[in-house]
Amino acid sequence: MEVNISYLPEEQIVVVKTQGDADAKSSSEMVKNIMLAMKEYKSLRCLLDHTEIRFVSGKTIEVFNRPEEIKKTGMPLNVRLAAVIPEIYTEHFSFLETVCKNRGISYRIFTNCKSATNWLKS
């Protein structure tokens, strides 16, 4: 999976644009890079734009364990993560949203960037 990270200083939002095939290995690497960028920019908001992902793979246990990977990066508890996804992957990302919520991580999925950005700013 290709990952490009940028920053919107006016909104204080780290923007992550992904492309290609998402798997457990590339997703774990992405999480580390996101948290480094959020620390660098001192941002508590991240917009994950997954609209150009072609394929998502991952075992249920890998998705279930993702919140622990996120926490191990040293992420502050008040970080907000908004993921914009293609509707075809709603089931996969809904499960991730649920396990994050159950572990105290503010992660939500959306089907458009405007709604995701509005939630991040709220």
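Each value in this text was obtained by applying a stated rule to the coordinates, not by laboratory testing. Since the model is a prediction, treat every value here as computed from it, not as a measurement. Cβ: placed from backbone, ideal geometry, glycine included. Neighbour counts: every protein chain shown.
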Residue in the range 7-19 that is part of a helix (DSSP H, G or I), closer than 18 Å to Trp119 by Cβ and out of contact with any Pro (no Cβ under 6 Å at 6 or more places or on another chain) present: no
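Listed here are the residues, each with its yes/no results for (1) in contact (Cβ under 8 Å) with a residue 24 or more places away in the chain; (2) surrounded by fewer than 17 Cβ atoms within 10 Å (Cβ to Cβ).
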{"residue": "Glu10", "(1), (2)": "no, yes"}
{"residue": "Gln19", "(1), (2)": "yes, yes"}
{"residue": "Met35", "(1), (2)": "yes, no"}
{"residue": "Ser57", "(1), (2)": "yes, yes"}
Filter pass, Pro67 being part of a helix (DSSP H, G or I) and of a type outside the set (Phe, Trp, Tyr): yes
Residues of the range 78-122 satisfying the condition of being touching a strand residue (DSSP E or B) at 6+ places or on another chain (Cβ under 7 Å), touching a residue at least 60 places away in the same chain (Cβ under 8 Å) and more than 17 Å from Thr18 (Cα to Cα): Leu120
Per-region count, the range 104-122, residues surrounded by 15 or more Cβ atoms within 10 Å (Cβ to Cβ) and either of a type in the set (Ser, Thr, Tyr) or assigned to a loop (DSSP other than H, G, I, E, B) (or both): 4
